[in-house]
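Quick notes on the structure that follows.
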Ligand code: SF4
Ligand code: SF4
């Protein structure tokens, strides 16, 4: 084994000059940033950043075109969810955060529809498996949104209405079918 | 008699009101200053009716949070000592301000009011004594917590504080030699002289090496980074692990008050106290040329303001150091204290002695 040691020189050993060097750097940053903070306050130099902070949620950074955000339930032309309550997403979800209650649909060609469709985003691990499992392209993760903080757990369980209202991010590579597009009725068995 | 008591009470209210407020604001300044130094914005979310005021409400939010927290005393701990320790920390830090002069003697309505709460003739020794008393709060906190890690932390803290106390006290000897007094008021007054007729004879001019030693040792006494081994919340466990709620806040405030105390003592000993260069009781003057007389009250106000500004500057500077330097390793800490600062302090005493003797002779 080779031990690589750094022998401190005398000047480094008495710390003082190294400390002063460090202090010069931090002081420079302090006064530089302070100057622009004050300038911003007075309405000048708005184009020079005084801090790298992104003030989420008021400010966000653009997300990648393939990034998985909050789920969206796609709709048929009549506005009803495309989901046929096949339970594939609920089954495939590794953390079991999707809860669907299925009901018989009046239209025999559709067979089933979800009475309630809940995604518990506190548990979701954003793996995107639900999206891949869905045979009718009903669930997408293309809203490009990060879930907002909530004051209770129930605030973070998104129901069918919320998920249906989500819109896809424009130009998003995940959106093969925008809301309201595609076949009016989808028979999962292809019949 | 009654008036004297009232005046003393007023001075106490002024000094402690100021110190406690600065300590509260330091909690905010620490966050904001570190943020600005690191190109961040810092805590700014606490608001009252949408008014954020650069996060100035965060200290208030902190206090509310801390007061409503459970005050937990370890079941196996010593209830009395556990409660006593944080208040001892606050008390020893605050007591130092009793002897720090914050202005020239005020002549008002035929009275001479020295602008210091207690003009003790032991002066600087009182400061050092109360600095050492601070160890009790540390040791008692660790001992009464019934937690071996707290106890080890308090041992570490005590060892550090005791080690640096030697260098601290020795570096002060140089100042005592330079001004021939241990009384802080005398020391501040003596710094109104000028060398070569133009340079203010401040402690930092008379004792540049002593100032560096004092400042380093005093930083170690405040137990903050780079000397924050007693606390170091991120890896080794410190002595106030078993403290919660208001008592934890007391330690926290005690630390900030210590910062202000160190700033005050450094100002008094090395940066002219309340002296403003070229302003004295006669007014503004350029040595040997002319004098513009100023009213006495204005001069005193300028001097008190100057003292407060100097203290604020050193508070800022100590925060700057705290956010610049990484923490020492424990052996480095001990080595720095015993093998570097202490011999240097001795050297400073001897050198100062030789220099002052040769100038007098
Ligand atoms: S992204 Fe993954 S974890 Fe989240 S709901 Fe879909 S399958 Fe479940
Ligand atoms: S996999 Fe698609 S169709 Fe099946 S329940 Fe989930 S969202 Fe509905």
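Overall form of segment A:1-87: oblate. Here a/c, set by the Cα gyration tensor axes a ≥ b ≥ c, is 1.5 or more, and a/b is not larger than b/c.
Using a simple spin-label model with pseudo-atoms 7 Å out from Cα toward Cβ, residue B:16 and residue B:67 lie 1.8 nm apart. When each pair of different Cα atoms in segment B:1-54 is counted once in the 1/r mean, what is the Kirkwood radius in angstroms, to one decimal? That comes to 13.8 Å for segment B:1-54.
Computing FRET efficiency as 1/(1 + (r/R0)^6) for residue A:96 and residue B:45, where r is the C-beta to C-beta distance and R0 is 41 Å, gives about 0.75. Working value for chain A: equivalent-ellipsoid semi-axes of 53, 22, 15 Å, each the square root of 5 times a Cα gyration tensor eigenvalue, largest first. Once both labels are positioned 7 Å from their Cα atoms along Cα-to-Cβ, the gap between residue A:64 and residue B:52 label points is 3.0 nm.
Figure the gain on full extension for residue A:2 and residue A:80 (residue separation times 0.36 nm, minus the Cα-Cα span) and round it to one decimal in nm. The partial results should precede the final answer.
On the way: separation 78, 0.36 × 78 = 28.08 nm, distance 6.88 nm.
Working it through step by step, the gained length comes to 21.2 nm.
Run through every distinct alpha carbon pair of segment A:72-165 and return the Kirkwood hydrodynamic radius in angstroms, one decimal place. Please report the intermediate quantities before stating the final value.
Numbers: mean 1/r = 0.0736 Å⁻¹.
It is 13.6 Å.
Convex hull volume per residue, computed on the Cα atoms of the protein assembly as shown, equals 257 Å³.
In plain terms, if you count all Cα to Cα distances in segment A:44-114 and split them into 5 Å steps from zero, the share in each step is 3, 11, 14, 16, 12, 10, 9, 6, 6, 6, 4, 3, 1, 0 percent.
Can you give me the orientation-averaged projected area of the convex hull built on the Cα atoms of segment B:249-361, in nm²? All intermediate terms of the calculation are to be shown ahead of the outcome.
On the way: hull surface 45.7 nm².
Here the figure is 11.4 nm², rounded to one decimal.
For a Förster distance of 35 Å, can you work out the FRET efficiency between the beta-carbons of residue B:152 and residue B:278, rounded to the nearest 0.05? FRET efficiency, residue B:152 to residue B:278: 0.10.
Mind checking which of B:314, B:340, B:91 has the largest fluctuation in a GNM of chain B, springs on alpha carbons under 10 Å? Taking springs between Cα atoms under 10 Å, the residue moving most is B:340. For segment B:205-313, the convex hull drawn through the C-alpha positions has a volume of 111 cubic angstrom per residue. Counting every other Cβ atom within 10 Å of each residue's Cβ, A:160, A:165, A:145 order from fewest to most as A:165, A:145, A:160.
Within segment B:86-186, all pairs of alpha-carbon atoms sorted by distance into 10 Å bins from zero give the percentages 15, 34, 28, 16, 6, 1, 0.
When the alpha carbon gyration tensor of segment A:1-49 is reduced to an equivalent ellipsoid, the three semi-axes, largest first, read 39, 14, 5 Å. When chain A is treated as a Gaussian network with alpha carbon springs shorter than 10 Å, the biggest mean-square fluctuation among A:13, A:33, A:74 belongs to A:13. Taking the Cα atoms of segment B:218-265, the ratio Rg/Rh between the radius of gyration and the Kirkwood radius comes to 0.99.
Using only Cα atoms, find the angle between the long axis of helix A:16-41 and the longest principal axis of chain A, and express it within 0 to 90 degrees, rounded to the nearest 10. Relative to chain A, helix A:16-41 is tipped by roughly 50 degrees. Computed on chain B, the Cα convex hull volume stands at 172 Å³ per residue.
From the square roots a ≥ b ≥ c of the eigenvalues of the alpha-carbon gyration tensor of segment B:242-285, which class results: rounded (a/c under 1.5), prolate (a/b over b/c), or oblate? The partial results should precede the final answer.
On the way: a/c = 8.03, a/b = 4.14, b/c = 1.94.
Prolate.
Given the DSSP H assignment, sum -39500 (n - 2.57) over each helix run of at least 4 residues in chain A and divide by its residue total; what's the result at 222 nm in deg cm²/dmol, nearest 500?
Numbers: 5 runs with 46 residues, N = 191.
Here the helix-only value at 222 nm equals -7000 deg cm²/dmol.
Comparing B:205, B:213, B:48 in a Gaussian network model of chain B, where Cα atoms under 10 Å apart are tied by springs, the biggest mean-square fluctuation is seen for B:48.
Quick note: the coordinates plus some simple rules give every number you see, no bench work behind them. Computed from a prediction, not measured in an experiment: that's the story for all the values here. Every residue, glycine as well, gets a Cβ built from its backbone with ideal geometry; the counts of neighbours run over all protein chains shown.
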